[in-house]
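Chemist: Here you go, one structure.
Any read-out appearing in this document is the output of simple, stated calculations on the displayed coordinates, not a laboratory observation. The model shown is predicted, which means the values in this text are computed figures rather than measured ones. Methodologically, a virtual Cβ is constructed for each residue, glycine included, from the backbone with ideal geometry; neighbour enumeration extends over all protein chains shown.
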Amino acid sequence: MKIKALKRLIYGLSAFVICFLFFSFKSQASTKTDTLVNNGFKIKTIIVDAGHGNKRPEGGRYSPGAEGAYSFERNVTLAIAQKLQAAIEKDIEGVKVIMTRTTPYDVPFQTRSDIANQNKGDLFISIHCNALPNHTVREAVGHKKGKTIYRTVSVPDHSGRGVLMLVYDTKRTGPQINALLENAEIGDNGQEAQQTKDADDPITTIMINQLKNKYRKQSIHLADLLNNEFIADGRKSEGLREQVLFVLDHTAMPSVLVETGYINNPTDEDFLNSEDGQNEIVDAIVRGIKTYKKEAEQTTE
Ligand SMILES: [Zn+2]
């Protein structure tokens, strides 16, 4: 190549690079503003899930939850969930809340996630109370023929305190993938979605994995925001933990399970049962959701 031609090429290329940089900067700047107005994504439906419940009149399996000295997790979760529903609908414009349980009776896990998925929830927040299992200790009860006799006794462990955010473990498989296949909008129309609903199809697998990762990331982010609000209120926190949990494994949306406190810790139990305590918990969750919503509605991701 001749020097002249080379020079021309270099000039040409630099002009191109400059133009490219200029336009990409411009378009970046405009996408940034565009996303604020043009991105259609809005958080419209929040599923609030009150953990546990009483045995149903018709019978069947149920999950009574943990117990404190004088109160039950299933009652505390319902009280907090109902306050949370009212607060979200009052404080966050354009958002409706769907409750998975409104009566004292337990609702099966599958029904809870069906309610969430069928209502196309944008977020799923499950309310629970934590409790530590009893310790087992050996206790001397007497002597026989010069030997000490022991018995094993169960002793309550009151040492747990504060909040803990649980998000679903990434190792989740079958049921959640089915929920994603059923509820995620794969393809532009129902027919297309129907055609791609084959978990063995590599394209479906890629899309499902992308969704799983996206929901996992969003769940962790929401959990983090909620956790920060609890800490800001001065609550002790055990942070975030990933765990395999049926109710979270079956929901095809960002989901967080909030352990609002230890019901078998006397201080936490009083807090969880008090109006002030419940309102403080609800307030922290609403603030966290507001931040999450604002961010989610401003990004194109
Ligand atoms: Zn629970």
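Chemist: Considering the range 119-159, what Rg and Dmax in Å follow from its alpha-carbon atoms?
Modeler: Cα radius of gyration and Dmax of the range 119-159 are 21.5, 70 Å respectively.
Chemist: While we're here: Counting only other residues whose beta carbon sits under 11 Å from that of GLY51, what net charge do I get with K and R as +1, D and E as -1?
Modeler: -1
Chemist: Going by Cα centres, the range 140-161 and the range 281-295 are how many Å apart?
Modeler: 47 Å
Chemist: Lys/Arg Cβ at +1, Asp/Glu Cβ at -1, dipole of the range 45-296 taken about the Cα centre: which of HIS128, ASN209, LEU84 is farthest positive-ward?
Modeler: Result: HIS128, furthest along the dipole toward the positive end.
Chemist: Packing-wise, with mean Cβ within 10 Å as the measure, how do 241-249, 77-85, 51-59, 141-149 rank, highest first?
Modeler: Going by the mean number of other Cβ atoms within 10 Å, highest first, we get 77-85, 241-249, 51-59, 141-149.
Chemist: Can you compute the modelled spin-label distance between THR152 and VAL137, with each label point 7 Å from Cα toward Cβ, in nm?
Modeler: So the label points at THR152 and VAL137 sit 1.7 nm apart.
Chemist: Also: Over 34 Å, how big is the tail of the calculated P(r) for the range 45-296, in percent of all Cα pairs?
Modeler: For the range 45-296, the share of Cα pairs beyond 34 Å comes to 24 percent.
Chemist: Hey, got the Cα dimensions of the range 87-167 along the principal axes, in Å, largest first?
Modeler: Largest to smallest, the principal-axis extents are 75, 26, 23 Å.
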